There are 2 protein chains.
Amino acid sequence: MGIAERKEREKQDIKDLILLKAKEILIKEGQDGLSIRKLATEIEYSPATIYLYFQDKDEILYQMMNMGFEKMAQSMTHVYALEDPLKRIYEIGRLYIEFGLHEWEWYHLMFNSASPMNHIERCKAEWGPGIAMYDYLAACCQEAFLQQGKTDRDPKIAALHLWSAAHGLVTLAVTNRFCVVEDHAHQEAVRNHLIEDTLKHIMISLFDYKI
Amino acid sequence: MGIAERKEREKQDIKDLILLKAKEILIKEGQDGLSIRKLATEIEYSPATIYLYFQDKDEILYQMMNMGFEKMAQSMTHVYALEDPLKRIYEIGRLYIEFGLHEWEWYHLMFNSASPMNHIERCKAEWGPGIAMYDYLAACCQEAFLQQGKTDRDPKIAALHLWSAAHGLVTLAVTNRFCVVEDHAHQEAVRNHLIEDTLKHIMISLFDYKI
DNA sequence: TGATTTAATAAACACTGTTTAGTATATTTG
DNA sequence: CAAATATACTAAACAGTGTTTATTAAATCA
């Protein structure tokens with residue numbers, strides 16, 4: 001039965017086409033600019049057709065979130081090769097913040113938006129890539145603590161610390177809340193200084209590690 | 001001319017009525033559940049009438065944001081009386097996180113949503129209450145540094161540190177991202193532990209202050 | 001009382017996500 | 001090969017959204 005297989009392929013092709021165009025719209029116009037109807041006209045199908053390939057918009061945004069995690073992982077490929085777990089942790093933090101600031105539309109889906117999480121909840125599924133990222137960071141922390149002989153510290157709590165510090169920085173910056181800094185001329189400089197400073201603080205505070 | 005004054009009063013009354021009902025809807029159904037049309041039927045006027053009192057939805061959400069700041073300030077009244085600036089800072093942090101977790105709909109408008117900031121940008125206005133909050137925190141940090149003789153440290157950067165750590169914690173928790181913690185049974189306990197731990201870490205890291 | 005200003009709205013515009021019923025086309029079966 | 005069935009697709013509708021415009025009714029002024 002080659003027909004069933006060809007149909008399966010064709011089905012996947014259209015799914016891919018939808019996600020490809022969704023990606024283009026997301027990059028150009030953000031999550032708010034990504035509507036089912038715009039997506040439909042873009043791929044030259046009717047809006048109803050999209051619902052033959054995805055349950056709802058949340059599922060599409062869920063898939064986009066997964067693409068975002070792949071994108072982030074790609075930007076971190078060189079990290080995995082680093083021997084020193086402390087340098088690995090620092091680089092993860094630095095690249096995480098970098099990614100959040102420069103690829104906000106992806107970051108927003110991954111760590112801020114409710115839609116992809118709604119899909120996960122509805123499907124009673126797990127937040128796979130998020131857990132994987134967290135587990136890797138926690139593993140790095142454990143390795144660092146082990147190497148330093150700090151047996152009393154919890155690597156999972158340490159990972160959450162690092163993560164939420166970076167996340168807070170990214171989200172406040174992107175949603176324009178750092179406008180509180182009165183020195184408008186040097187606002188950009190303050191932000192960059194804060195990025196470095198946050199990482200330094202965290203590294204010292206968690207690992208007594210001076211950069 | 002008592003008529004002009006009466007009309008002014010009536011105009012303000014309807015504005016207040018709109019904001020009062022908007023507040024009720026916000027609390028019950030969140031920002032997503034707050035629509036102009038629902039608000040209109042609730043106050044028994046047509047949707048178009050609302051546009052005679054507010055430029056657009058962003059302005060209403062901007063006013064709600066201001067109400068949120070008042071609410072937060074009220075929850076912090078006892079802080080201002082504390083003599084020790086370090087205890088003041090700790091309490092601000094603790095109450096800030098508490099507020100974010102328990103009054104998320106307000107917090108979201110204040111520190112996460114784009115709508116109120118869009119209104120500010122359109123009016124070329126400043127983020128008044130946000131700046132006030134930040135300035136107060138920075139002043140507390142400066143007082144603490146001064147008391148400790150730490151003249152080399154920047155209180156403004158310190159305030160941003162504390163703020164973004166607390167903000168990261170709140171937003172990751174509320175948007176359900178802490179589901180990464182595999183220990184589902186003790187997830188709540190982990191979260192509470194993290195809140196305490198974050199504050200402790202920040203206090204030590206910024207002020208060498210052990211709680 | 002007549003002219004004018006003000007307040008309110010019905011209806012429309014341009015969107016949004018999603019569902020349903022119906023129509024061609026492709027595939028399978030007799 | 002023809003009839004029956006299954007598949008792919010869509011037009012249209014449903015129930016919303018924020019916002020604008022033209023019109024009407026009421027209050028105020030001259």
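Miscellaneous remarks
- Inter-copy label distances at B:I131, using a point 7 Å along Cα-to-Cβ, come to 4.6 nm with the shortest given first.
- A simple count of charges around A:D16, restricted to other residues whose Cβ falls under 11 Å of its Cβ and scoring Lys, Arg +1 and Asp, Glu -1, yields +3.
- Mean Cβ count within 10 Å, highest first, over the residues of peptides B:28-41, A:133-146: A:133-146, B:28-41
- Selection from B:Q142, B:S113, B:I204 lying farthest towards where the dipole of chain B points positive, charges on Cβ: B:S113
- Taken about its Cα centre, region A:81-209 carries a charge dipole of roughly 300 debye when the Cβ of each Lys and Arg holds +1 and the Cβ of each Asp and Glu holds -1.
- Stretched out straight at 0.36 nm per residue, the stretch from A:E83 to A:C123 would grow longer than its current Cα-Cα span by 10.6 nm.
- Local charge for A:R122 was computed over the other residues whose Cβ lies under 15 Å away, with Lys and Arg +1 and Asp and Glu -1, and equals -3.
- The mean number of partner chain beta-carbon atoms within 10 angstrom of a residue's beta-carbon across peptide A:116-123 is 1.
- Tensor-based shape of the protein assembly as shown (alpha-carbon gyration tensor, a/c under 1.5 rounded, otherwise prolate or oblate): oblate
- Comparing the full protein assembly with the isolated chain, the residues of region B:183-203 losing at least 40 square angstrom of accessible surface (1.4 Å probe) are B:L194, B:H201.
- Mean partner shielding of peptide B:154-165, defined as the number of other chain Cβ atoms within 10 Å of each residue Cβ, is 6.
- Computed from the Cα positions only, the extents of region B:1-54 along the three principal axes stand at 43, 20, 16 Å, in decreasing order.
- Take A:R153, push a point 7 Å out from Cα through the beta-carbon direction, and compare it with the same point in every other copy: 2.0 nm, smallest first.
- Sites B:K150 and A:K7, calculated FRET efficiency, Cβ-Cβ separation with R0 51 Å, nearest 0.05: 0.15
- Gyration tensor (alpha-carbon) shape descriptor, region B:1-101, a/c threshold 1.5: oblate
- Only Lys, Arg (+1) and Asp, Glu (-1) charged, at Cβ; region A:1-54 dipole about Cα centre in debye: 80 debye
- Quotient of Cα Rg and 2.2 N^0.38 Å for region A:139-207, N being how many residues it contains: 1.37
- Taking a ≥ b ≥ c as the square roots of the eigenvalues of the Cα gyration tensor, region A:57-207 is oblate, since a/c reaches 1.5 or more and a/b is not larger than b/c.
- Nearest to the axis that brings chain A onto chain B is this chain A residue, judged by its Cβ, with the distance in whole Å: A:G168, 1.
- Position A:T77, label points 7 Å along Cα→Cβ, spacing to each other copy in nm (shortest first, one decimal): 6.0
- A Förster radius of 22 Å, combined with the Cβ-Cβ distance separating A:D208 from A:A132, puts the computed FRET efficiency at roughly 0.20.
- Given charges at Cβ of Lys, Arg, Asp, Glu: the protein assembly as shown dipole, positive-most of B:A132, A:A81, B:A81: B:A132
- Loss of accessible area when B meets A, both sides summed, Å² nearest 100, probe 1.4 Å: 3300 Å²
- The distance from the alpha carbon centre of region B:131-149 to that of region B:16-60 is 38 Å, rounded to a whole number.
The values are calculated or read from the model by the stated rules, or taken from the named source; none is laboratory data. Predicted model, so just to flag it, every value in this text is computed and none were measured. Here the Cβ is made from the backbone with ideal geometry for all residues, glycine too, and neighbour counts use every protein chain on show. With ligands, DNA and RNA removed, areas are computed over all heavy atoms of the protein, side chains included. Shrake-Rupley method; radii C 1.70, N 1.55, O 1.52, S 1.80 Å.
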